[in-house]
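> Quick one: this structure, given as structure tokens, is what I'll be asking you about.
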Amino acid sequence: MSRSMPLPKPAVAAAAAAAAALLLRRERETRRTAERFAAASLETLLNAIDANDAETGAHVRRVATYALILADAASVSEHERRVVERVALFHDIGKIHEALFDIIHDEKRLNRAERRAIATHPRRGADVLRPLNGFYPDLPEGVLSHHEKWDGSGYPRHLKGRRIPLSARIVAIADTFDAVTHRRRYRGAQSLQRGLEVILQGRGTQFDPELVDLFVFPAVFEQVAAAEERVASWNEPVQHRRTGRDEANVPDITFRWRPGRHGARGRGASDRLRQGDR
């Protein structure tokens, strides 16, 4: 009875290496597929914001625009820049909760009970995003923290100073600036100069003082003002899906939130700065 000859050691090593390489490739493919689903989920959530409230959809895109200018001025890492971008785009996702929707869309000023209800939106938003924590671990935490204040008087956890995630500190400035300079249901838009004053007034209390100094630095604020001119007309859903199946078309929220056309309407930013219209 013949016995099969054992494989030479080099052949065994080669076979093991080939099997390991195949396993690694399959793991990478599985991970890549999961990443596509995660990115597609973000895209779907941004579409949900648009579908429920196009005004909020435009707001978060403007906030993302200003936040990225500030992030670049702060020379953050590419990873942190992506975190800032995502936190800006989803910081208000908690507001589409049915319990808050009617309050947010009411034309009158909020009473105390309504303000308490609105103050739940960071936690609601973080809860919505938490299932994606494995892919975007910094996103729920940034959304949860975007109403914290530098002096510890914010909500929901009264975080203070650098305990507040950097992404949330950046988004807080961009969010407030946009809230002042764009129309709210209970008041009209105020000037860019007034937005600048509000940010300065919050230096060291509401906002990170170093980030405020960067935001108001003339070369940086000129970029913000120019961006405001571009994004003033972002008031409708602006997602544009790419086509194809190559790797370049993997869903990626980074490349999908800006509109294809973004010409401003009305006076330019420089005119608004000079004239100080309210």
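> Of everything in the stretch 117-149 that's over 16 Å from the mean Cα position of the chain (by Cα) and not in a loop (DSSP other than H, G, I, E, B), which residue is nearest to ARG32 (Cα to Cα)?
The selected residue is PRO131.
> Among the residues of the stretch 24-43, how many are within 15 Å of ARG258 (Cα to Cα) and either without any contact (Cβ under 8 Å) to a residue 60 or more places away in the chain or of a type in the set (A, V, I, L, M) (or both)?
Residues in the stretch 24-43 being within 15 Å of ARG258 (Cα to Cα) and either without any contact (Cβ under 8 Å) to a residue 60 or more places away in the chain or of a type in the set (A, V, I, L, M) (or both): 1 in total.
> Looking at the stretch 150-237, what helices (runs of 4 or more DSSP H) fall wholly within it and have at least 3 residues that are more than 27 Å from PRO140 (Cβ to Cβ) and at pLDDT 95 or above?
192-201, 218-231
> Looking only at the stretch 30-82, count every residue that is assigned to a helix (DSSP H, G or I), within 27 Å of PHE215 (Cα to Cα) and among the hydroxyl-bearing types (Ser, Thr, Tyr) and tell me the total.
3
The values are calculated or read from the model by the stated rules, or taken from the named source; none is laboratory data. Given the structure is predicted, the values throughout are model-derived calculations rather than measurements. Cβ coordinates were reconstructed from backbone atoms using ideal geometry, including for glycine residues, and neighbour counts include every protein chain displayed.
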